[in-house]
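Enquirer: The structure under discussion is supplied below as structure tokens; questions concerning it will follow.
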């Protein structure tokens with residue numbers, strides 16, 4: 001891993017000598033972090049229904065939330081592939097930036113904020129953009145802000161508490177800054193994923209091709225995470241959020257060749 005003198009400005013890790021001490025490594029249940037030749041794998045095999053299995057590296061656990069290391073403008077580049085295509089891979093997986101808003105019981109302590117490449121399998125069914133599928137391999141953004149006032153209440157309704165009507169979901173689409181876009185690519189092939197996170201806009205690219213552009217992304221400090229787990233979340237007919245932990249009987253993985261993050 002190469003880190004310049006101002007380590008908060010540039011992080012480059014090619015995993016040539018294993019996983020750098022810079023990253024916090026976390027694995028629970030049937031999740032494992034495996035070293036391959038010049039890559040790192042986040043794998044699951046034998047995960048059980050109702051029991052969390054997760055494998056990840058991150059840099060947000062180094063810091064208190066108010067001191068998370070990354071703010072816009074910055075760029076992120078990740079070269080990665082998956083063991084299974086969309087629809088066969090189970091749980092959630094991805095890489096990018098978020099503010100780790102959830103506690104161990106799934107409760108939300110602060111408004112969630114993220115800008116990342118995100119995968120969710122069926123039965124997950126949550127879309128941040130009207131008309132987009134509720135699962136699949138996506139570029140996604142949610143700007144929940146930082147306050148704990150009325151906006152926090154709306155975020156809480158969208159992400160956790162049962163809603164009394166889908167009218168509330170429509171209100172969330174109009175009030176919150178959020179969006180996602182399904183990526184029409186083969187997840188099992190090596191691809192270079194690129195994110196430009198600006199204060200006014202987030203631009204997502206795959207192999208140099210723009211796949212999504214969304215305005216008003218988060219501007220508060222976030223942490224990087226790359227992971228694979230067995231989570232699921234879906235909107236109920238009443239508009240609430242139902243979460244679960246899926247069985248993953250087969251071996252599946254996310255493999256990363258390199259990560260580069262540069263503040264600009």
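Enquirer: Given the alpha-carbon gyration tensor of the range 48-90, what are the semi-axes of its equivalent ellipsoid in whole angstrom, ordered largest first, with each equal to the square root of 5 times an eigenvalue?
Expert: 28, 19, 8
Enquirer: Listing 181, 48 from the residue with the fewest other Cβ atoms within 10 Å to the one with the most, what is the order?
Expert: 48, 181
Enquirer: I've got another one for you. Report, in cubic angstrom per residue, the convex hull volume of the C-alpha atoms of the range 1-85.
Expert: 142 Å³
Enquirer: So, one more: Ranking 141, 187 by Cβ neighbours within 10 Å, fewest first, what do you get?
Expert: By the 10 Å Cβ count, ascending, the order reads 187, 141.
Enquirer: Also, I was wondering about something else. Over the range 180-232, one equal point on each Cα, no solvent: what is log10 I(q)/I(0) by the Debye formula at q = 0.27, 0.28 Å⁻¹?
Expert: Log10 I(q)/I(0), no solvent term: -1.19, -1.20.
Enquirer: How high is the relative contact order of the range 5-147, given as a whole-number percent (alpha carbon pairs under 8 Å, six or more residues apart)?
Expert: Relative contact order comes out at 15 percent.
Enquirer: I've got another one for you. How many percent of Cα pairs in the range 193-264 exceed 13 Å? Mind showing how you got there, number by number?
Expert: Details: 2014 of 2556 pairs.
For the range 193-264, the share of Cα pairs beyond 13 Å comes to 79 percent.
Enquirer: Additional query: For the residues 256, 57, 19, what sequence is obtained by ranking on other C-beta atoms within 10 Å, fewest first?
Expert: Starting with the residue having the fewest Cβ neighbours, the order is 19, 256, 57.
Bear in mind that the values in this text are calculations on the coordinates, not laboratory data. Keep in mind that this is a model prediction, so the values were computed, not measured. Here Cβ is always computed from backbone atoms with ideal geometry, including for glycine, and neighbour counts include all displayed protein chains.
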